[in-house]
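The values are calculated or read from the model by the stated rules, or taken from the named source; none is laboratory data. It should be emphasised that the depicted structure is a prediction, and the values quoted were computed from it without experimental measurement. Don't worry about glycine lacking a Cβ; one is built from the backbone with ideal geometry, like all the others, and counts go over all protein chains shown.
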């Protein structure tokens, strides 16, 4: 899927995003957790949610007043992309609140131009130390693409196919890797593969994301949320490292980190 953005709009966004409160690019005023600590905070929040011990933090009038005075970059500890599905309420399932998570939502949690730009904002300007690609069980977008790839899809509104075409390589790889699995049984594999595809798409198009990960300033992780019980399965971080190495060796990867 390709989206067209004008030079003027890109320049405007970059100029606004590039300046922090002091007017210069740099680190946030507040000390952020390191990547491993941020991941631990997300895991602990989900555990509280699942076990019925949610604290529902940062959801009171005091936090709202703080949000009106301070920059989110001084508080947010994670950037998360997930599906638009109403069964995946990000702040709730991580037991987080206002200014805690920089959230990107799109059908199928795909990473294309708009989403990758949002991730770059979250990592480079909101200064979150972790980026999570959060897939989920029973994903309608992955299911639709899987059905289409297997030859029994149906007509879709004109703007949906280019939205979800990033999912197609993931479905095809899932099918190739599991040749004895057919029909709807391949969908869980495709959901996970779509997460890895999103991470690869990010690294291919975002030099700044690669740089932050390589420098140890951020981690990119994959996870699957089970809509039936609220639990998150965290995928192996080693796979992200493997994908990054693969991309770094690909001559087609984007090189220039900044817009012209």
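List of remarks:
- At least 1 residues being surrounded by 18 or more Cβ atoms within 10 Å (Cβ to Cβ) and touching a residue at least 60 places away in the same chain (Cβ under 8 Å) is the threshold, and among the helices (runs of 4 or more DSSP H) wholly inside the range 36-145 those reaching it are 90-93, 113-124.
- Across the range 205-223, the qualifying residues are those that are touching a residue at least 60 places away in the same chain (Cβ under 8 Å) and assigned to a helix (DSSP H, G or I), and the one among them that is nearest to the chain's Cα centre (by Cα) is 209.
- You will find that of 50, 126, 110, 80, the residue that is closer than 22 Å to residue 234 by Cα and touching a strand residue (DSSP E or B) at 6+ places or on another chain (Cβ under 7 Å) is 80 and no other.
- Some residue of the range 146-153 being surrounded by 22 or more Cβ atoms within 10 Å (Cβ to Cβ) and assigned to a helix (DSSP H, G or I): yes
- Residue match in the range 40-50 (condition: modelled with pLDDT of 95 or more and within 22 Å of residue 116 (Cα to Cα)): yes
- Per-region count, the range 224-234, residues in a strand (DSSP E or B) and either touching a helix residue (DSSP H, G or I) at 6+ places or on another chain (Cβ under 8 Å) or surrounded by 21 or more Cβ atoms within 10 Å (Cβ to Cβ) (or both): 4
- Restricting the range 155-167 to residues that are outside any helix (DSSP H, G or I) and under 22 Å from residue 87 (Cβ atoms), the residue that is modelled with the highest pLDDT is 157.
- Qualifying positions in the range 230-247 - free of Cβ contacts under 8 Å to residues at least 60 places away in the same chain and out of contact with any strand residue (DSSP E or B) (no Cβ under 9 Å at 6 or more places or on another chain): 238, 241, 242, 245, 246, 247
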